[in-house]
Amino acid sequence: MAPRSKTPTFYFSLRSPYSWLAHHDLVTGHPDLADRLAWVPFWEPDEHTEKALADSGSGFLYTPMSKEKHHYILRDARRLALERGLEIAWPVDREPRWEVPHLAYFVARDAGRGRAFVAAAYRARWEQGRDICDRDTIADLAAAVGVDPARSAAAADDPALRERGAEALARAQADAVFGVPFFVRGFDRYWGVDRLDAFARSLPVPDLPSGAATPAKATVDDGHAGGCG
C-alpha cells in the first residue's frame, strides 16, 4: 500500500471536465499555488494496470456513472465553462484507453514539460473536441510542447511508465481519492472545482524575500462539487 501524500497534492484527470475547469482556475487564479503542488494523474485503469494494483495490495476507488449523471454533467460543465469565458467542445470517446494520455504525462514531466502537456491535453480535449486517447494526437501534443512525440505516443507500452502509473493510482488510493479534481493537504481532503478556494486558504503563505509583496488571494467561481464519477 502506497503511503499517504505529505506534499499538498492536486489529483487531476485529463478525462474529466471538472478537472479541466479546476486546472483553469488553479493556473489563472492561483499560479503561486500551482507551483507548490504535486500534480498526480488519476484515471480509470485498464486490466493490466488493475492487475498491477491488485498485485501490490492496492485497489481503485471508482464507480461508473449513471446515464442520468452523465446527462447532468453535459449541461453543468457547459454552464461552468461559459461562466469562465470558455467554449467547450464535448469530445466523443470511442473505446478510450486512458493510459495513453496519462502515462504520456510522465514523459512530459521528466522533460520538465508536464504542466505544459496537461494544458495542451485539456485544450485539445475540451476546447477542440480531439481524441486524446489516439496516439497520433498525443504525438502532436507532445511535439507542440517540446517533448519526444514517439516516446509519448508509446508511453502505454513502456513497462517502467506503466509501473509509475500504477504507483500514482496506488497513491490516490492511499489518499482516498474517489473522483476529480481532488486536493489533499495532510489529512484534509477537498473534492471538486468549487473546493479549490478553500484548499488554497488552508495552505500557509510561503516565506517571501524581504520587501516582497504578499500574493493576493484569488477567488474562483462556485459550482458543482465536480467529481467526474
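Which of the three applies to the range 1-94, rounded, prolate or oblate, going by the alpha-carbon gyration tensor with a ≥ b ≥ c and a/c under 1.5 meaning rounded?
oblate
Which one is right for this structure if log10 I(q)/I(0) by the Debye sum over Cα atoms at q = 0.08, 0.10, 0.13, 0.17 Å⁻¹ is calculated from it: (i) -0.43, -0.61, -0.89, -1.27; (ii) -0.28, -0.44, -0.76, -1.33; (iii) -0.33, -0.49, -0.76, -1.12?
(ii)
Given the DSSP H assignment, sum -39500 (n - 2.57) over each helix run of at least 4 residues in the chain and divide by its residue total; what's the result at 222 nm in deg cm²/dmol, nearest 500?
-13000 deg cm²/dmol
Between the range 33-51 and the range 149-196, what is the separation of their alpha carbon centroids in Å?
Each part reduced to its Cα centre gives a spacing of 2 Å.
Please get the size of the charge dipole for the range 9-202, origin at its Cα centre, with Cβ charges of +1 on Lys and Arg and -1 on Asp and Glu, quoted in debye to the nearest 20. Mind dumping the intermediate values first?
Working: 26 positive and 30 negative charges, 97 e Å.
That gives a dipole near 460 debye.
Could you derive backbone 3J(HN,Hα) for the range 31-43 from the dihedral phi with the Karplus parameters 6.51, -1.76 and 1.60 (θ = phi - 60°), listing whole Hz in sequence and x where the residue is Gly or Pro?
x, 5, 5, 4, 6, 9, 9, 7, 9, 10, x, 9, 7
With an 8 Å Cα cut-off and a minimum separation of 6 or more residues, compute the relative contact order for the range 1-104 in percent. Don't skip to the answer; put the middle values down first.
Working: 66 pairs, mean separation 35.3, N = 104.
For the range 1-104, the relative contact order is 34 percent.
Please give me the summed charge of the neighbours of Gly112: other residues whose Cβ is under 15 Å from its Cβ, Lys and Arg +1, Asp and Glu -1. Write down the numbers at each step before the final one.
On the way: positive: Arg109, Arg113, Arg115, Arg151; negative: Asp35, Asp110, Asp148.
It works out to a net charge of +1.
Taken together, the values in this text are just the output of simple stated rules run on the coordinates, not laboratory data. Keep in mind the model is a prediction, meaning the values are calculated, not measured. Positions of Cβ are backbone-derived with ideal geometry, glycine not excepted, and every protein chain shown enters the neighbour counts.
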